[in-house]
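Worksheet for the structure shown next.
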Amino acid sequence: MSRVRGGTRARRPPGMEPDPSFSGRRALVTGAGKGIGRAAALALSGAGAQVIALSRTQADLESLEREHTGIETLCVDLGDWDATEAALSKVGAVDLLVNNAAVAVLQPFLEVTKEAFDRSFDVNLRAVFHVSQIISRQMIARGVQGAIVNVSSQASQRALQEHAVYCSTKSALDMLTKVMALELGPHKIRVNSVNPTVVMTDMGRINWSEPQKAAAMISRIPLGKFAEVDDVVNSILFLLSDKSAMTTGVSLLVDGGFLVS
């Protein structure tokens, strides 16, 4: 099942400034109901883009519409291939894509279930593949220059306890990003990823609220802190913008130096 809702004329969020890179361009953001995706949708709208926010949770989209009119919303579970195909056939032209939707089902390697494995790969990798195929074909047919940002993780490059499936999906996503950049480059479509450390979304604050657990991770980050949502969003907007016009196939670390320690 999917549901599309159109917004009224956008009201720019406070503090947001228009960016010529985004004026008149349409951006699709997946996983836009909460956290990084929601913040990215709001930032892109504030910078002048026409935004389609996609989430599987209707209540989150309704909350987003109340917070900022003008953002179109689309409710669909990206783990459902056919529903995704049907929903995206209705969104119209898209110039910018943020593949943010993801799940994190954490289990010890010896206890990983088929359900956790399949759901993780369906959303974290297969859905990115599918959404990007649909949008890229449309960009090529229209003859436009496009940009895609995949939201990956530092976990793509570092083994973490109970992250066997999650790390695997993000490692695969990094390689998919590179192959997409290679094959879509001739069509003037750039593809990059952002790879953050722990991010202080509402969920991140809950999951890392235990001082001993947080201290153990922060001790491995040279800058001595977790990432804020804006740290990741600013990197996403940079990679979507004309400021990174010669950048493609890159995994941009937003990890405070975690991977050099």
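The values are calculated or read from the model by the stated rules, or taken from the named source; none is laboratory data. These numbers were taken from a predicted model, which means no experiment stands behind them. Methodologically, a virtual Cβ is constructed for each residue, glycine included, from the backbone with ideal geometry; neighbour enumeration extends over all protein chains shown. When the accessible area is computed, the model is the full protein with side chains, heavy atoms only, and any ligands, DNA or RNA have been set aside. Shrake-Rupley method; radii C 1.70, N 1.55, O 1.52, S 1.80 Å.
Quick notes on this structure:
- In the condition set (1) more than 19 Å from residue 153 (Cα to Cα); (2) in a strand (DSSP E or B), residue 98 is compliant with all but (1).
- Any helices (runs of 4 or more DSSP H) falling wholly within segment 114-188 and containing at least 3 residues that are touching a strand residue (DSSP E or B) at 6+ places or on another chain (Cβ under 8 Å), over 21 Å from residue 253 (Cβ atoms) and open to solvent by less than 60 Å² (accessible area, probe 1.4 Å): 127-142, 164-184
- Test for residue 80: is it charged (D, E, K, R) and without any contact (Cβ under 8 Å) to a residue 24 or more places away in the chain: yes
- Selection of segment 200-249 for residues being open to solvent by less than 40 Å² (accessible area, probe 1.4 Å), at pLDDT below 95 and not in a loop (DSSP other than H, G, I, E, B) yields 204, 214, 217.
- Within this structure, residue 259 fails the test of being of a type outside the set (Lys, Arg) and within 23 Å of residue 122 (Cβ to Cβ).
- Search result, residues across segment 198-233 that are without any contact (Cβ under 8 Å) to a residue 12 or more places away in the chain and among the polar types (S, T, N, Q): 207, 209, 212, 219
- Cβ pairs under 6 Å, 6+ apart, first in segment 87-101 and under 19 Å from residue 245 (Cα atoms), second in a strand (DSSP E or B) and β-branched (Val, Ile, Thr): 97/148; 98/29; 98/149
- Any chance residue 54 is outside any loop (DSSP other than H, G, I, E, B), surrounded by 15 or more Cβ atoms within 10 Å (Cβ to Cβ) and out of contact with any helix residue (DSSP H, G or I) (no Cβ under 7 Å at 6 or more places or on another chain): yes
- Summed over segment 76-103, the residues that are hydrophobic (A, V, I, L, M, F, W, C), open to solvent by 20 Å² or more (accessible area, probe 1.4 Å) and over 16 Å from the mean Cα position of the chain (by Cα) give a count of 3.
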